[in-house]
Amino acid sequence: QVQLVESGGGLVQAGGSLRLSCAASRSIVSIKIMGWYRQAPGKQRELVANITSGGATNYADSVKGRFTISRLNAKYNVFLQMNSLKPEDTAVYYCNAKTDLFDSWGQGTQVTVSS
C-alpha cells in the first residue's frame, strides 16, 4: 500500500489555473498507474488523467488541452496542472495509485471555479 496526500486545491475564477500535488509515502517508481480523479456533488467519480510508470498519459476528453499530468518519481510526487479552468471543473480531486496488488486513494482536495 501507499498513502497519498493531495494539496493545491482552492477557489479560482474561470479562466484561471491551479496546480494540484500528490505526495506519496514511498517511492512511486514501481507503481503502474498514477492518476487523478474528481467527483462533483451528485455525480460519480470520474477519471481526469493518468500516467503510467513509463510516462504514457491519458486524459478525459473534457480536460484535453487544458490539464497536464506529470510524475516525479524521485520526489514521490504526481502533479496536475490545470489551466483555463471552467465552473464545470468544480469538484473534489483525488489522487490514485494503482498496481496489481492495491488501489490507493488520497483524501481529496476541493477545487472550486467561480464564473
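The values are calculated or read from the model by the stated rules, or taken from the named source; none is laboratory data. Computed from a prediction, not measured in an experiment: that's the story for all the values here. Ideal geometry is used to build each Cβ from the backbone, glycine not excepted, and the neighbour counts take in all protein chains shown. Ligands, DNA and RNA are stripped out before the accessible areas are found, and what is left, the full protein with its side chains, is counted by its heavy atoms. Shrake-Rupley method; radii C 1.70, N 1.55, O 1.52, S 1.80 Å.
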Worksheet item: Per the 1.4 Å probe, what fraction of the accessible area of region 1-114, in percent, lies on carbon and sulfur atoms?
Response: 50 percent
Worksheet entry | Farthest positive-ward along the chain dipole, Cα basis, beta-carbon charges - from SER115, TYR37, LEU72 | LEU72
Worksheet item: Across the chain, how many lysine pairs separated by 8 or more positions, or lying on different chains, have Cα atoms within less than 23 Å?
Response: 9
Item to complete: Hand me the trypsin sites (Lys or Arg not before Pro) from region 35-115 located in a DSSP loop with no more than 16 other Cβ atoms within 10 Å, in residue order please.
Response: LYS43, ARG45, LYS64, ARG66
Practice prompt. Can you tell me the FRET efficiency between THR68 and GLU46 if r is taken as the Cβ-Cβ distance and R0 is 25 Å, rounded to the nearest 0.05?
Written response: 0.90
Item to complete: Could you provide, to the nearest whole Å², the per residue accessible area of the chain with probe 1.4 Å?
Response: 51 Å²
Response to the item:
Counting Lys and Arg as +1 and Asp and Glu as -1 over every other residue whose Cβ sits under 11 Å from the Cβ of ASP89, the net charge comes to +2
